[in-house]
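The values are calculated or read from the model by the stated rules, or taken from the named source; none is laboratory data. What you see is a predicted model, and the numbers here were worked out from it, not measured in a lab. Here Cβ is always computed from backbone atoms with ideal geometry, including for glycine, and neighbour counts include all displayed protein chains.
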Amino acid sequence: MKQTLTEKIIRAHIAGGLGADGGLSGEIAIKIDQTLTQDATGTMAYLQFETMGVDRVQTELSVSYVDHNTLQEDHRNADDHRYLRTVAARYGIWFSRPGNGICHQVHLERFGQPGKTLLGSDSHTPTAGGLGMLAIGAGGLDVAVAMAGGAFRLAGLKVTGVRLTGQLQCGVAAKDVILELLRRETVKGGVGRVYEYFGDGVKFLSVPERAVITNMGAELGATSSIFPSDRMTLLFLNEMRRAEVWEELSADPDAEYDRVIEIDLSKLRPAVACPHSPDNVRPVSELAGLKVDQVVIGSCTNSSINDLAAVASIMKGGAVHPNVDAAIACGSRTTLLAAEEAGILRSLLRAGFRILDSACGPCIGMGFAPKTHGVSLRTFNRNFKGRSGSAEAGVYLVSAETAAASALHGVFYDPSGFEIERRQTDAYVNKAARFADSMLTAPLPPEEASRVNIERGPNIKPCPVPQPPAHSYTLPVILKTGDNITTDDIMPAGAKVLPFRSNIPELSKFVFSKLDADFWKRASEAGAGVIVGGFNYGQGSSREHAALAPMFLGVKAVIAASFARIHKANLINYGILPLVFADPDDRERIDQGDTLEIVGIHALLADTSTEFPSVTVLSRTKPQSYRLFLEADLNGRAILRAGGKLNAMRRIVSNE
Ligand code: MIC
Ligand code: SF4
């Protein structure tokens, strides 16, 4: 049988659930080789892991990164960081200190390995697909289960092939490839899919370029994105002094994909995702001349030495335009060191770029927010409204080339004409990689680890656990939203909110706060309720807090036209019913403030006779009823019956 690369890796890791035909389209479970967490999702993940009664992580490798909240305004983040450091030491986990870099970039450089599986509590975990790994983002609880040796479940997976032909023209970058795909597929086009890249064009793309593309596959809503492992992969691993983990991997010739998308790289032009969605893509040339206030280069999307080299080459001794504030938040310290070795850092400093910490920083609204109505060009991956920290600013997502050319001219500038000097940076990266592990702490041997005292500061509160569902609910609709609601809308991040990620009662006060300032008050007064959403509800981040905090506020069900994958799994993990309209037009008939009666919940969750069990919900406010499907596979239904994943696991352990 001709297999895709995705299929090969899944089959090598299968832990259960292959269909009678041996196909991957049903509910399957896979073994996870590696995990990663970051600080904003990690504290909850480790608190949950601690309750699982395991003495040491069961994976081949697990890494805890501190990269999201490195501001440490007061004791809260410092408390969390100390907890993460000591819990890592206790359970055999690598620890990456604040300032070492963004989890995805550092994982690519230091730990990623072709053919392995990686589960991470961050939606951009598929970045490692640039190395030929099957890397998937998930909620912290799912990652905790994987660390405890549990399999990860996937349902209804489809593999879409993306055939790349030709070669990128001067001034056109990997970012323009994924922006083209976003333009065609939209932010909901990838739900339930792995995008697998193949074709003659692949060999011209370096691993960091591939990683830009796999990283932003998350914006398509995809489960993962993957490139083959080839000579380019070996070159990268060699630069990183890790050639020994290389293995050649690709799909079988003529492997069958669910669908094939064709992209001729030579035809692409520089592109920009306009506010406020990554799929709002236009050619840069259409915006040429528009004044720019701010330029930021970096994030987990564009943080390689090639990006910095391209910026330095475009600046060519020139300076950032006087009306522009420009900064670089490089994704890893190793890359920064390599830039220093290569003389690139010097050029950037001379050109007038501010150098920020190697961390998520401005990407998640942690500093460097744009001015009111400001135009901010960023090489990042998300431009959801308000995410930058300034509600009224417009964030535009571009390549490093477009960002640099625009920084130089003070206006949107199409970099197509620039002769970009592609410096040979391999030797510098290789030199810098000698120091790459100086901010990484290796796991302790088991005996020493078992003596470690885990430090828990006062900011760390226990994770609330939901109740098993009632048989029926009569609930008010406490919020009705539009389409493509992001997890940033549900559970905002940023410098003010992030310190409460380990303290759900406090965090819950910010639920939907950017969309509707009264939500917390209304939900608290109601005590329990439902949310009605549109298509692609919960797109974006993997933060389980977007389910956990609403659960804490009494949200029992979300009724939507469709859900984003990770958020749906998080709702189930925290005992919230994900329901979809049988007729999406019914959404128009429900209003915020209506009261709905959902009866027969136990029967709905116990129904194993069909893939799509349904329930009819009555309106108490209007003479209407609505048919809804439960969006949960058999495993999901079992979790919901138990009242969330932690309860379900306890039941298994106590043989109930
Ligand atoms: C993001 O880019 O939105 C984040 C912050 O990295 C999130 C994780 C989080 O909310 O902690 C993600 O992408 O999963
Ligand atoms: Fe960090 Fe931004 Fe990447 Fe999320 S998208 S991991 S906040 S750099």
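Key figures
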item	result
Residue check for Gly26: surrounded by 17 or more Cβ atoms within 10 Å (Cβ to Cβ) and away from ligand 1 (no atom under 16 Å from the Cβ)	yes
Checking Gly130 against (1) touching a Pro at 6+ places or on another chain (Cβ under 9 Å); (2) in a strand (DSSP E or B), the condition it does not meet	(2)
Failed item in (1) under 16 Å from Thr379 (Cα atoms); (2) of a type outside the set (A, V, I, L, M, F, W, C); (3) out of contact with any Gly (no Cβ under 8 Å at 6 or more places or on another chain), with Gly318 passing the rest	(1)
Positions within the range 411-457 being closer than 30 Å to Leu507 by Cβ and touching an Asp or Glu at 6+ places or on another chain (Cβ under 7 Å), in sequence order	Gly457
Filter result for the condition that a residue is over 30 Å from Leu237 (Cβ atoms), at pLDDT 95 or above and not aromatic (Phe, Trp, Tyr), over Leu479, Leu440, Leu498, Leu397	Leu479
Matching residues, the range 399-413, being under 17 Å from Ile305 (Cα atoms) and among the β-branched types (Val, Ile, Thr)	Thr402
Only listed residue being modelled with pLDDT under 95, acidic (Asp, Glu) and over 22 Å from Phe368 (Cα atoms), chosen from Asp254, Asp258	Asp254
Residues of the range 250-297 satisfying the condition of being in a loop (DSSP other than H, G, I, E, B) and of a type in the set (Val, Ile, Thr)	Val292
Residue match in the range 517-533 (condition: within 22 Å of Met366 (Cα to Cα) and out of contact with any helix residue (DSSP H, G or I) (no Cβ under 8 Å at 6 or more places or on another chain))	yes
Answer residue from the range 479-512, given it is assigned to a loop (DSSP other than H, G, I, E, B) and under 20 Å from Ala528 (Cα atoms) and is farthest from ligand 1 (Cβ to nearest atom) among those	Thr481
Test result for Asp307, away from ligand 1 (no atom under 16 Å from the Cβ), under 26 Å from the mean Cα position of the chain (by Cα) and of a type in the set (Asp, Glu)	yes
In the range 504-540, the residues that are crowded, with 17+ Cβ neighbours inside 10 Å, without any contact (Cβ under 8 Å) to a residue 60 or more places away in the chain and over 30 Å from Gly217 (Cα atoms)	Phe519, Trp520, Arg522, Ala523, Gly529
Options Ala211, Ala288, Ala271; residue that is touching a Cys at 6+ places or on another chain (Cβ under 9 Å) and either surrounded by 17 or more Cβ atoms within 10 Å (Cβ to Cβ) or modelled with pLDDT of 95 or more (or both)	Ala211
Selected residue (criterion: nearest to ligand 2 (Cβ to nearest atom)) from residues of the range 572-595 that are part of a strand (DSSP E or B) and not aromatic (Phe, Trp, Tyr)	Pro578
Filtered residues of the range 75-114 (kept if of a type in the set (Gly, Ala, Ser) and under 24 Å from Lys461 (Cα atoms))	Ala78, Ala88, Ala89, Gly92, Ser96
Filtered residue count, the range 310-336, keeping only those that are more than 16 Å from ligand 1 (Cβ to nearest atom), in a loop (DSSP other than H, G, I, E, B) and crowded, with 24+ Cβ neighbours inside 10 Å	1
Single residue of the range 460-478 satisfying the filter (in contact with a Lys or Arg (Cβ under 8 Å, 6 or more places away or on another chain) and part of a strand (DSSP E or B)) that is farthest from Arg589 (Cα to Cα)	Tyr473
Out of Ala391, Ala351, sole residue that is away from ligand 1 (no atom under 12 Å from the Cβ), among the small types (Gly, Ala, Ser) and surrounded by 19 or more Cβ atoms within 10 Å (Cβ to Cβ)	Ala351
Residue list for the range 342-360, filter: away from ligand 2 (no atom under 16 Å from the Cβ) and part of a loop (DSSP other than H, G, I, E, B)	Ala342, Gly343, Gly352, Phe353
Where Ser299 falls short, out of the listed (1) more than 23 Å from Asp122 (Cβ to Cβ); (2) touching a residue at least 12 places away in the same chain (Cβ under 8 Å)	(1)
Counted residues, the range 366-380 - those being away from ligand 1 (no atom under 12 Å from the Cβ) and in a loop (DSSP other than H, G, I, E, B)	9
Unique match (being in a helix (DSSP H, G or I) and within 16 Å of ligand 2 (Cβ to nearest atom)) among Ala569, Ala603, Ala546	Ala546
Filter result for Glu219 (among the acidic types (Asp, Glu) and under 17 Å from the mean Cα position of the chain (by Cα))	yes
Residues being part of a loop (DSSP other than H, G, I, E, B) and under 15 Å from Pro278 (Cβ atoms) - total across the range 387-416	4
Positions within the range 541-558 being over 13 Å from Ile572 (Cα atoms), in contact (Cβ under 8 Å) with a residue 60 or more places away in the chain and crowded, with 24+ Cβ neighbours inside 10 Å, in sequence order	Ser541, Ser542, Arg543
Test set (1) of a type in the set (Ser, Thr, Tyr); (2) surrounded by fewer than 23 Cβ atoms within 10 Å (Cβ to Cβ); (3) touching a helix residue (DSSP H, G or I) at 6+ places or on another chain (Cβ under 6 Å) - Tyr195 fails condition number	(2)
Residue within the range 96-113 that is hydroxyl-bearing (Ser, Thr, Tyr), farther than 21 Å from Ala564 by Cβ and within 16 Å of ligand 2 (Cβ to nearest atom) present	yes
Verdict on Gly137 being under 22 Å from Gly575 (Cα atoms) and surrounded by fewer than 20 Cβ atoms within 10 Å (Cβ to Cβ)	no
Strands (runs of 3 or more DSSP E) fully within the range 18-117 counting 1 or more residues that are within 29 Å of Arg231 (Cα to Cα) and among the β-branched types (Val, Ile, Thr)	27-30, 34-38, 61-65
Residue in the range 45-62 that is touching a His at 6+ places or on another chain (Cβ under 9 Å), at pLDDT below 95 and more than 16 Å from ligand 2 (Cβ to nearest atom) present	no
Selected residue (only one of Cys363, Cys300 is assigned to a helix (DSSP H, G or I) and within 16 Å of ligand 1 (Cβ to nearest atom))	Cys363
